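Here's the structure, in structure tokens; my notes come after.
The values are calculated or read from the model by the stated rules, or taken from the named source; none is laboratory data. What you see is a predicted model; the values in this text were computed from it and never measured. FYI the Cβ positions are ideal-geometry reconstructions off the backbone, even for glycines, and counts take in every protein chain you see. Just so you know, the surface numbers come from the protein's heavy atoms only, side chains and all, with ligands and any DNA or RNA stripped out. Shrake-Rupley method; radii C 1.70, N 1.55, O 1.52, S 1.80 Å.
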Amino acid sequence: MAQPLYATRGWKKLQQEYIADNLYALRRKKLDDLLTQSITGLSCEEMTLHYTSLSFLAMHCALCAYMQDGSLSQAEHWLCLSAQARGIVNTILPRNPRWEPTPVKALPMEDLTAALLCGQPQGALDALRLIPTALEREKIPLWNGKPDTRIDQKQERRRKHLLLLQCELYSGLLQGNDLQARQALAQLNALPWSPVAAQALSALLDGDTASFTAVLALHMKDFRAGPYPGELNYTVLFWEALWQRRGGEPPIDLADAPVALLKLPASDPLRLSEALCLPLPPLEADVVWSCVDLTKTGPKCRFL
């Protein structure tokens, strides 16, 4: 196994759990089983679940290989498959008249990062564009059959405003529109927001290497402070990927934010099946939508 760069005890413990349980084999088995299922005639909800599961399992095939033996072989293809499947979900959800999203609490940094790392920035943009639609479709939870008036509406408006501004900020950065990004960041900085994110993105826009590096180190410290740190710090990786797109070199290289992930070659979505040697379902939104049976409904959950 490749020797990981600096990592906390919690991260190393997580790595040992991956190795002991051989999670790669388990995830791969579930992925292979999923790929034997036909998508023809699924309801909107079933199709969403199918491609959500595909996105999750593809992502974790990349993660498990990295956690168990440090391998990033085919990682760009697994991440691309995850991003493509998530793109299908992001297309189907707004078309489903029964879709009632749960309140959005934060941006989907895992999905944004996966798309950017495999060379699919459009996938990250599409994920961001779903957020305003999801916010519009949210419904006030019911209490005894009526809208729950205990919910602080002012706080709810603030949550949605913050999310929309973050979407504007990251969309601007992904598209190289610094004016849009700076305007969104200025509005965010006038509100109660994450001071670490504010410093990181201000330094990114200014090209301030020293400040950017310092704030990344601070974010990693916070990330690792909990007893159960995750496999990867997606936020730091996303920021570094944006930094790299602007011509900078990633300033840190850590076990839970490896520079090697930022150096992956771009993956071709049209050759995923060949690259992974897997029979994949359609990954074109219109083709998938044509397989949906609009007369069917449900189910709402599936356990992987």
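Under a 5 Å amide H cut-off, with hydrogens placed 1.01 Å from N, Leu254 pairs with Val259 among residues at least 5 apart or on other chains. With the chain treated as a Gaussian network of Cα nodes joined by springs under 10 Å, which of Leu26, Leu237, Leu63 yields the largest mean-square fluctuation? Between Leu26, Leu237, Leu63, it is Leu26 that shows the largest mean-square fluctuation. Contact order, relative form, for the chain: 29 percent (alpha carbon pairs under 8 Å, 6 or more residues apart, mean separation divided by residue count). This structure gives Cα extents along the principal axes in Å, computed directly, and of [x] 96, 46, 32; [y] 57, 51, 36; [z] 65, 55, 36 that value is listed as [y]. Considering only alpha-carbon pairs that sit under 8 angstrom and 6 or more positions apart, the relative contact order computed for the range 44-184 is 20 percent. Charge dipole of the range 243-296 (Cα centre as origin; +1 on each Lys and Arg Cβ, -1 on each Asp and Glu Cβ, all else neutral): 120 debye, rounded to the nearest 20. For the range 73-228, lysine pairs with C-alpha atoms less than 21 angstrom apart, excluding pairs fewer than eight positions apart on the same chain, total 6.
Among the DSSP helices (H) of the chain, those spanning at least 15 angstrom by Cα along their long axis with an average Kyte-Doolittle hydropathy of -0.5 or more are 23-35, 44-69, 75-95, 121-137, 178-189, 195-206, 209-225, 234-245; this is a geometric and hydropathy rule only. When you count the other C-beta atoms within 10 angstrom of each residue and take the mean per peptide, 127-134, 16-23 line up highest first as 127-134, 16-23. Across the range 10-100, the mean sequence separation of Cα contacts (distance under 8 Å, 6 or more residues apart), normalised by length, yields a relative contact order of 33 percent. Atom-type composition of the exposed protein surface of the chain places 55 percent of the accessible area on carbon and sulfur (1.4 angstrom probe). In this structure the chain gives 50 Å² per residue of accessible area when probed at 1.4 Å with all protein chains present.
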